[in-house]
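The values are calculated or read from the model by the stated rules, or taken from the named source; none is laboratory data. Please read these numbers as outputs of a predicted model, since none were measured by experiment. Note that we place each Cβ from the backbone using ideal geometry, even for glycine, and neighbour counts take in every protein chain shown.
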Amino acid sequence: MLLMQLKPDYPEVIEKAANEIAALLRGSYGLAPRAVALLVLQEDQEVSELVRRQEGDSRWQSIKAQVDAVKAGLDEPVSYTLAVRRQDLARTLAQEVVRLENGRVRTWGEIIGDLTMRPLVGIPVLLLVLYFGLYQVVGVFGAGTVVDYLEGNIFEAYINPWVNSWTEALIPWPVLQDLIAHEYGIITLGLRYAVAIILPIVGSFFLVFSVIEDSGYLPRLALLVDRVFKEIGLSGRAVIPITLGFGCDTMATLVSRTLETRRERIIATLLLALAIPCSAQLGVILSLLASHPRALLVWAGFLLLIFLLVGYLTAQLMPGDGPSFYMEVPPLRLPQLTNVLTKTYTRMQWYFLEIVPLFVLASVLIWLGNITGFFNVLIQGSGVIAGYLGLPPEAGEAFLFGFFRRDYGAAGLYDLASSGALSPRQLTVAAATLTLFVPCIAQFSVMVKERGWGIAFGMVTFIFPFAFAAGFVLNAILMATGVLG
């Protein structure tokens, strides 16, 4: 068979619609009209918007009618149908040009790679990855050893006292002193949180994530969780933005655009905003709960329950077909050191450039709030809410910080717990509520950009009362059962 004669065998309804759409196109797209037509049929957002602008409303309505007719005539999404037919073509090509040796012995990498996709082996492997990757490296080493050294031996011992003394000596006005130094200063609070608490945790997470990513394990994890994810309206492909959410929910919300349907993207955005802690928040919480294993299990189990329950209910309430899933699985391999270090450095650089200005801005806003007295009013109000959760009023300050950034609030909780002000039960309730609390400003802005004002505001309106209601219920259960003191 001549290879040049091979072409995907698309269903007649798609071929007919693609030809008719291509004939309607008048704009300049830099692609063949047929290629543009196929992208429009797959409802590619950027291409569809470009076609709508260039062709005008009248011609776009005719194109949109073709898209709707194709969707009605197929049982599967157009993108899935096209991918399957292209995969068939690729398989035909491979059969024409590839000749397999008889008696080839499978490698250990292939055997292990296949086993990680089977629940009997895959689930224990996943638990080992979570334990050694997230708990030991991020929670114990990053959030424990490195943070303790930077905060205690560097900032608390040298930098903060030096900044306080020099600020008081050089600036005679107490109001301006508080902007730079003392309790809520740009350097003594904002920079300390960013460099001493957040950066080591984020760095250790991105190191672990780069190792997992470079090994080829992520696609296998996607296949492993696909069946569970389908129950909450997602496919195994969603494991990528969900996993990235443990690094940065803002970045993960952007990555959710890779999901096939608008329904999936909305569900993933909601779950990222509600139940997925970012790496800094996760690292701080793991560090705080590491000495209370029972509290750590309660916190993790409660969040998993919320994740599955909210996802399931949202999938039931939202109209639309269930997601389809297909993914190429690369070979399992040993991670390359240069790849891991390059990815880690690039992500840390991006994250650090993002968080430092926001932490500085948060310190300035807190300073302005102290001057006007507005911040104290907010602290008192959040302290009252914290009281309903069985927490000391000071915990309300951590929730308030969490609005600026989730990791900022987690760092505030770290300071509070370090002073011994929280019992294991209170620490668990505070950690769970803070994790479920409204997304930070950066994530909310991306939610608006990706999903629109209406959906983003609706999510926040739901998340805010839900987080505190869930914290109230968790505290009541823990007090009634006496599981944690």
Close pairs from segment 433-455: first among the aromatic types (F, W, Y), partner in a loop (DSSP other than H, G, I, E, B), Cβ under 9 Å, at least 6 apart | F444/V438
All conditions in (1) hydrophobic (A, V, I, L, M, F, W, C); (2) modelled with pLDDT of 85 or more; (3) crowded, with 21+ Cβ neighbours inside 10 Å; (4) not in a loop (DSSP other than H, G, I, E, B) are true of L305 except (3)
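Scanning segment 400-437 for residues that are assigned to a loop (DSSP other than H, G, I, E, B), modelled with pLDDT under 85 and over 17 Å from the mean Cα position of the chain (by Cα), which turns out nearest to S363 (Cα to Cα)? First the steps, then the outcome.
First, pick out the residues of segment 400-437 that are assigned to a loop (DSSP other than H, G, I, E, B): 405, 419-423, 437.
Filter again for modelled with pLDDT under 85, leaving 405, 419-422, 437.
Narrowing the set further to residues that are over 17 Å from the mean Cα position of the chain (by Cα) leaves 419-422.
Numbers: S419: 21, G420: 24, A421: 23, L422: 25 Å.
That would be S419.
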Count - residues of segment 446-455 that are within 18 Å of the chain's Cα centre (by Cα) and either modelled with pLDDT of 90 or more or polar (S, T, N, Q) (or both) = 1
With (1) surrounded by 13 or more Cβ atoms within 10 Å (Cβ to Cβ); (2) more than 21 Å from G247 (Cα to Cα); (3) touching a residue at least 60 places away in the same chain (Cβ under 8 Å) as the list, and F375 as the residue in question, which single condition is left unmet?
-> (3)
What single numbered condition from (1) of a type in the set (S, T, Y); (2) under 22 Å from F352 (Cα atoms); (3) in contact (Cβ under 8 Å) with a residue 40 or more places away in the chain; (4) surrounded by fewer than 21 Cβ atoms within 10 Å (Cβ to Cβ) fails to hold for T261?
-> (2)
Give just the number: which of (1) within 19 Å of K230 (Cα to Cα); (2) surrounded by fewer than 23 Cβ atoms within 10 Å (Cβ to Cβ); (3) of a type in the set (G, A, S) does A275 not satisfy?
-> (2)
Can you pull out the residues in segment 48-69 that are surrounded by fewer than 19 Cβ atoms within 10 Å (Cβ to Cβ) and of a type in the set (A, V, I, L, M)?
-> L50, A65, V67, A69
In segment 24-52, how many residues are of a type in the set (D, E, K, R), within 32 Å of the chain's Cα centre (by Cα) and assigned to a helix (DSSP H, G or I)?
-> 3
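State yes or no: is G383 surrounded by 13 or more Cβ atoms within 10 Å (Cβ to Cβ) and part of a helix (DSSP H, G or I)? I'd like the intermediate steps shown before the answer.
Details: surrounded by 13 or more Cβ atoms within 10 Å (Cβ to Cβ): yes; part of a helix (DSSP H, G or I): yes.
In short, yes.
This table checks each residue for (1) assigned to a helix (DSSP H, G or I); (2) out of contact with any Pro (no Cβ under 8 Å at 6 or more places or on another chain); (3) modelled with pLDDT of 85 or more; (4) charged (D, E, K, R).
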| position | (1), (2), (3), (4) |
| --- | --- |
| A22 | yes, no, yes, no |
| I63 | yes, yes, yes, no |
| A83 | yes, yes, no, no |
| R91 | yes, yes, no, yes |
| N102 | no, yes, no, no |
Any pair with Cβ under 6 angstrom, 6 or more apart, that starts in segment 278-304 at a residue that is over 19 Å from A467 (Cα atoms) and not assigned by TED's automatic domain parsing to the domain that holds L474 and ends at one that is modelled with pLDDT of 90 or more and in a helix (DSSP H, G or I) = none
Given the conditions (1) assigned by TED's automatic domain parsing to the domain that holds V360; (2) touching a Leu at 6+ places or on another chain (Cβ under 7 Å); (3) not hydrophobic (A, V, I, L, M, F, W, C), which single one is not true for Y149?
-> (2)
